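Down below is the structure, laid out as structure tokens.
The values are calculated or read from the model by the stated rules, or taken from the named source; none is laboratory data. Please read these numbers as outputs of a predicted model, since none were measured by experiment. Virtual Cβ from ideal backbone geometry, glycine too; neighbours counted across all protein chains shown. Only protein heavy atoms, including side chains, enter the accessible area calculation; ligands, DNA and RNA are left aside. Shrake-Rupley method; radii C 1.70, N 1.55, O 1.52, S 1.80 Å.
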Amino acid sequence: MGSAAQAVTLNLGNGSEPGSLDPHKASGDWENRIIGELYEGLMAEDTHADAIAGQAESWTISDDGLVYTFKIRADANWSDGVPVTAQNWVDAFTRLFDPKTAAEYAYLQYPIKNSSKIGSGEITDFSQLGVKAIDDKTLEITLEASTPFFLQALTHYTAYPIRKDIIDKFGDQWTQPENIVGNGPYKLVEWVPGSYLRGVKSDTYYGKDSLKIDEVRWDNTEDLTAALSRYRAGELDILTDFPADQYKFLQDNYPGQAHVAPFLGIYYYVLNQSKPPLDNVNIRKALSISVLRDVIGPDVLGTGELPAYGWVPAGTANYEGTPYAPDWAEMPYDQRVEEAKKLMAEAGYTPENPLKLQLRYNTNENHQRIAVAISDMWKQIGVQVELFNAETAVHYDALRAGDFNVGRAGWLLDYSDASNTLDLLRTGTTQDGVMNWGNNYGRYSNPEYDSLMDQASKELDLVKRSGLMHQAEALAMDQFAAIPIYWYVSKNVVSPKITGFEDNAKDINRIRWMSKSE
């Protein structure tokens, strides 16, 4: 029998169509699931999503915690056979922080010396960036301050190397299957827009002999009901989401296959504070306190998500102390509704003269259920909601452009540190006279908040650092900077044929650890 007949293919229900496979332009977990197989950083993830050696075989850290020196594997090669060098990371970080790239997640690597000043245009000499190629296989990274989570941050796709020659040659088309060159376990060979992407094992990857999956097909499965039908028919091996109302059905009929586990992420609504009426803190307060979060996880979704009142998930590393909880969370719900009505009436809105808001969400049955439930909660306080859904890429473009009243968003922590969610509420940066708000979709801005976060970023004492961030979180939540709704659980469905899939707090499962039996 020919080897092609024996090739093991993993069929993965990946959710949305990728907006980009460029590590400096991507923004979602659905993109990360592909990009993280095509590329590998200095650090990679194990089955628990903890940082392990990737393209770096070893590293040393200076006594003051500022200088990291990485030795790159001698057998690290790109998919076209060219050796991976330290210069590939110099090129990557230079491009990441270049204001022209407008990489919205560049700030995840701002621990690197002078990166934020280059990103804002304050420094234009890129040689001042704290990333140096000592020789072909030695990379030195200097930080602004000792950063306890830096190795974990290097697992993120913003820290992947790039091939500058390929990008220069093909421009915006460099991520197309015929052009793309990666250094990860798999290489992209096909992309059918709106349908699927396909990757095959890279024969230049140093760990190729231990890969048990020969081929990966990432299917577009935004329609969760259709995706579940395909899973039940055996067409998909893994679903990365499922309709929440099917959880009991799965438990009863496919025992052990539905994986629901807590992980570091928050589901929330953003309120556009750049224009009336949501620039009024009392209206934001009324909208937030009238959301009965306790019913969302158990009743609306049916998968038991826990209500969220703060901004930093419990269990986040380096964040000791009591999780933020507002006083009003303890009030009986009917009292909260009465207070919300009063606040709305003071602002001139009643059921007879309602505040009209558009609530935007990206196409997904679970998002729709939540939007309908919350619209009903708001109706009783004098708010008339128009629901508006769009596919994921269009939805987030609208949020970034400020073209919304209320918008659904979600954030999965890129690394376990409170700064990763709290940075979402920092004031935007100005580039060429234009304000770039990044992922602060609601345009919340408070100089005291920014100052506390700046102090925290320079504080080496982890207890003091945690204290500063707790103050910042309380400040933003007391001003209703956004409406936290629930803490995420990861929701996967995994075929019994698959081994090596481990639930973890980041919900990152790399295919290099998986195998499939027929």
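Heavy atoms only, probe 1.4 angstrom, no DNA, RNA or ligands counted: give me HIS156, HIS48, HIS470 ranked by accessible area, highest first.
The ranking, largest first, comes out as HIS48, HIS470, HIS156.
Could you list, in their original order, any pairs among LYS187/LYS212; LYS71/LYS113; LYS285/LYS464; LYS71/LYS187 whose Cα atoms are separated by more than 27 Å?
LYS285/LYS464
Using a 1.4 angstrom probe and counting only protein chains, how large is the accessible area of MET453 in Å², to 10?
0 Å²
At 0.36 nm per residue, minus the direct Cα-Cα distance, what do ILE134 and GLU502 gain on full extension? Give it in nm, one decimal, please.
Extending this stretch completely gives an extra 128.7 nm.
Using r as the Cβ-Cβ distance of VAL434 and ASP252, and R0 as 56 Å, what FRET efficiency do you calculate, to the nearest 0.05?
Step by step, r from the Cβ atoms, then E = 0.55.
Which order do ASP29, ASP417, ASP136, ASP172 take by accessible area at a 1.4 Å probe, largest first?
The residues order as ASP172, ASP136, ASP29, ASP417, largest area first.
Cα atoms only, the range 165-264: Rg and Dmax in Å?
17.4, 54
Just to verify a number: FRET efficiency for ASP125 and GLU178, C-beta to C-beta distance, R0 = 35 Å, to 0.05?
So, using R0 = 35 Å, E works out to roughly 0.45.
To the nearest 500 deg cm²/dmol, what mean residue ellipticity at 222 nm is calculated for the chain from DSSP H runs of n ≥ 4 alone, each contributing -39,500 (n - 2.57), summed and divided by the residues?
After summing the helix terms and dividing by residue count, I get -7500 deg cm²/dmol.
Quick check: pseudo-label points 7 Å beyond the Cα along Cα→Cβ at LYS169 and GLN455, how many nm apart are they?
Each label point lies 7 Å from its Cα, and together they span 5.2 nm.
Using R₀ = 30 Å, calculate the FRET efficiency as 1/(1 + (r/R₀)^6) where r is the Cβ-Cβ separation of ASN446 and ASP80; round to 0.05.
E between ASN446 and ASP80, to the nearest 0.05, is 0.05.
Contact order normalised by length for the range 33-151, with contacts defined as Cα pairs under 8 Å and 6 or more residues apart; what percent is it?
Once normalised by length, the contact order is 25 percent.
What are the equivalent ellipsoid semi-axes of the range 133-197, built from the alpha-carbon gyration tensor (square roots of five times its eigenvalues), in whole angstrom, biggest first?
That gives 30, 16, 11 Å for the three semi-axes.
Could you check the spin-label model distance between ASP46 and GLU338? Points 7 Å from the Cα along Cα→Cβ, value in nm.
Each label point is offset 7 Å from its Cα along the Cβ direction, giving 5.5 nm.
Ordering THR499, THR158, THR47 by accessible area with a probe of 1.4 Å, largest first, what comes out?
My answer, sorted largest first, is THR499, THR47, THR158.
Using 7 Å Cα-to-Cβ label points, what is the ASN280/GLU190 separation (nm, one decimal)?
5.6 nm
Report the gain in length on full extension from GLN471 to ALA226: 0.36 nm times residue separation, minus Cα-Cα distance, nm rounded to one decimal.
Full extension from GLN471 to ALA226 adds 83.7 nm.
Any chance you could run the full-extension gain for SER20 through GLN384? It's 0.36 nm times the residue separation minus the Cα-Cα distance, nm to one decimal.
Answer, rounded to one decimal: 127.5 nm.
Put one equal scatterer on each alpha carbon of the range 362-463, apply the Debye formula with no solvent term, and list log10 I(q)/I(0) at q = 0.25 1/Å to two decimals.
The computed values of log10 I(q)/I(0) come out as -1.34.
What accessible area, in Å² to the nearest ten, does a 1.4 Å probe give for GLU339?
The value for GLU339 is about 60 Å².
For q values of 0.20 Å⁻¹, compute log₁₀ I(q)/I(0) with the Debye formula on a Cα-only model of the range 389-518, without solvent.
After summing over all Cα pairs, the log10 values are -1.21.
LYS248: which lysines have alpha carbons under 21 Å from its alpha carbon, excluding same-chain residues fewer than 8 sequence positions away?
Once the sequence-local lysines are set aside, what remains near LYS248 is LYS491.
With no solvent and one point per C-alpha, what does the Debye sum give as log10 I(q)/I(0) for the range 8-68 at q = 0.12, 0.16 Å⁻¹?
Cα-only, vacuum Debye calculation for the range 8-68: -0.43, -0.69.
For a bin width of 10 Å, list the pair-distance distribution of the range 1-135 built from all Cα-Cα distances, rounded to whole %.
Spelled out per bin, shortest first, that is 10, 32, 37, 15, 5, 1, 0.
Quick query: amide H of HIS259 versus all other amide H atoms, modeled in the peptide plane; which residues come in under 5 Å with a sequence gap of 5 or more or a different chain?
Result for HIS259 returns ASN492, VAL493, VAL494.
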